[in-house]
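J.: Please see the structure below; I have some questions.
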Amino acid sequence: MEINLGSLPFDLDFHPSDHLVSAALISGHLLLYRYSADSSPQRLLEVHAHTESCRALRFIHDGRAIVTGSPDKSILATDVETGSAIARLEDAHEEAINKIINLTDSTIASGDDRGCIKVWDTRQRSCCNTFNAHEEYISDMTFSSDSMKLLGTSGDGTLSVCNLRRNKVQSQSEFSEDELLSVVIMKNGRKVVCGSQTGTLLLYSWGYFMDCSDRFVDLSPNSVDALLKLDEDRIVTGSENGLINLLSILPNRIIQPIAEHSEYPVERLALSHDRKFLGSIAHDSMLKLWDMDDLLQDSGNNLRSQAAAEDNDSNEMDVDINPLKSNKGSKRKNASTEHGFFSDL
């Protein structure tokens, strides 16, 4: 299923309980579509959300609103039913906003081009935490709700771990050789996987973030711009060459290529609320919705056959022996909590 958005998309997100998908465009617009396996997608909303490009987008408040971020430094909340602006926070960051993710039912995190990460209470419309975590743009973030840790990757080649309870950058990795572009938490919280500009996946053991414990080097020489966790053992990757692959983590292997979006770099991947559709956007104007049953029809047999062939291999979970603990995070200046309220429109 394909949707021509008419402009280059930067982000997409699925509604948490309905058959709705939204896209953020370089034109500053956000688009909302209703999709179905039996009919063509129907556009429900087109909102000119920002004066500059719309780089980041997420559904919030159980899908009743969409929050967007922009290089114009503002964060906007838009009503899903009416398309009207609920609230806008001008100058939410000092630099262009590049990424937004959901944390809890009432909190989101945003990251900017200077490496600053902020946590926002969407009900109180205030900033809860500020972390000056990186020296370059925030490329991706993910959240561990069990430990209340927010992980971020950056163009400066590092992975950061921000402690929301203590309001400080708790850990930070050594600088890698190239930019880190994407991040997911795997293996029931024991492993963190980062995609890089050279195509190598870096694997970190939880609690030992100074250096990676393993590298997945066989994927592609192209950058891995998007990572999507399918389950605790498998991830979906989107690469610069437009390919979407299904991978196994520890043991590290390519299960199979599952789709080709286009010849352009895959920008984002997302799963629908019922996990029936995989959404992808790339450096073209197309939003593509892939039927997961079709994509994964042969992957189970493929994975089982590979596992049987390698049954005698010693591909077990790696264990860090006397890992060195990084003190880089403790040297970062802890930002004090700031309060800045959305102005009602």
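The values are calculated or read from the model by the stated rules, or taken from the named source; none is laboratory data. All figures in this text were calculated on a predicted structure; none of them were measured in a lab. With ideal geometry, Cβ positions are generated from the backbone for all residues, glycine too; neighbour counts draw on all protein chains shown. SASA here: full protein model, heavy atoms, side chains in, ligands and nucleic acids out. Shrake-Rupley method; radii C 1.70, N 1.55, O 1.52, S 1.80 Å.
J.: Using the heavy atoms of the protein chains alone and a 1.4 angstrom probe, what is the accessible area of the chain per residue in square angstrom?
T.: Working: 14940 Å² over 345 residues.
Here the per-residue accessible area is 43 Å².
J.: For a quick check: with amide H placed at 1.01 Å from N, whose amide H comes under 5 Å from GLY157's, ignoring anything fewer than 5 positions away on the same chain?
T.: LEU180
J.: What's the magnitude of the charge dipole for the chain around its Cα centre, counting Lys and Arg as +1 and Asp and Glu as -1 at the beta-carbon? Answer in Debye, nearest 20.
T.: For the chain, the charge dipole is close to 1240 debye.
J.: Right, another one. Cβ under 12 Å from MET186's Cβ, MET186 left aside: what net charge do those residues give with Lys, Arg +1 and Asp, Glu -1?
T.: Taking every other residue near MET186 into account, the sum is +1.
J.: Are any of the pairs LYS99/LYS276; LYS99/LYS187; LYS73/LYS99 more than 22 Å apart by Cα-Cα distance, and if so, which?
T.: LYS99/LYS276; LYS99/LYS187
J.: Obtain the nm distance between the two label points defined at GLU95 and ARG64 by a simple spin-label model: each point lies 7 Å from its Cα along the Cα-to-C-beta direction.
T.: It is 3.5 nm.
J.: Could you check which residue among SER182, SER39, SER22 shows the biggest mean-square fluctuation in a GNM of the chain with a 10 Å Cα cutoff?
T.: Sorting by GNM fluctuation, first place goes to SER39.
J.: Something else now. So if I take the centroid of the Cα atoms in segment 152-231 and the same for segment 252-300, what is the distance between those two points in Å?
T.: A separation of 21 Å, based on Cα centres.
J.: Then there is this: I need the phi-derived Karplus couplings for segment 52-67: 6.51 cos²θ - 1.76 cosθ + 1.60, θ = phi - 60°, integer Hz, Gly and Pro marked x.
T.: 10, 4, 9, 8, 9, 7, 8, 6, 9, 6, 6, x, 7, 9, 10, 10
J.: Could you give me the ³J(HN,Hα) list for segment 288-297, computed from phi with Karplus coefficients 6.51, -1.76, 1.60 and θ = phi - 60°, whole Hz, x at Gly and Pro?
T.: 10, 10, 9, 6, 5, 4, 5, 5, 9, 4
J.: On to the next question. Mean 1/r over all different Cα pairs, inverted: what Kirkwood radius does segment 15-120 give, in Å?
T.: Evaluated over segment 15-120, this radius sits at 13.8 Å.
J.: Which FRET efficiency value, to the nearest 0.05, do you get for SER106 and ASP79 by plugging their Cβ-Cβ distance into 1/(1 + (r/R0)^6) with R0 = 22 Å? Don't skip to the answer; put the middle values down first.
T.: Working: r = 17 Å, r/R0 = 0.77.
Given R0 = 22 Å and the Cβ-Cβ separation, E is 0.85.
J.: So the label point goes 7 Å from the Cα of HIS273 along Cα→C-beta, right? Which residues of segment 1-20 then have their backbone N under 11 Å from it?
T.: Taking a point 7 Å out along Cα→Cβ of HIS273, the residues of segment 1-20 whose backbone N falls under 11 Å are 14-20.
J.: Let me ask another. Whole-Hz ³J(HN,Hα) for each residue in segment 205-219, computed from phi via Karplus 6.51 cos²θ - 1.76 cosθ + 1.60 with θ = phi - 60°, x for glycine and proline: what do you get?
T.: 8, 4, x, 10, 9, 5, 9, 6, 9, 7, 9, 9, 10, 9, 6
J.: Just to verify a number: FRET efficiency for SER39 and GLU135, C-beta to C-beta distance, R0 = 45 Å, to 0.05?
T.: 0.40
J.: Sticking with this one: Along Cα→Cβ, 7 Å out, is where each label goes; now give me the distance between the ones at SER126 and GLU177 in nm to one decimal.
T.: 4.8
J.: So, with a 1.4 angstrom probe, what is the percent of accessible area on segment 99-197 that is carbon and sulfur?
T.: About 36 percent, which is the carbon plus sulfur part of the accessible surface.
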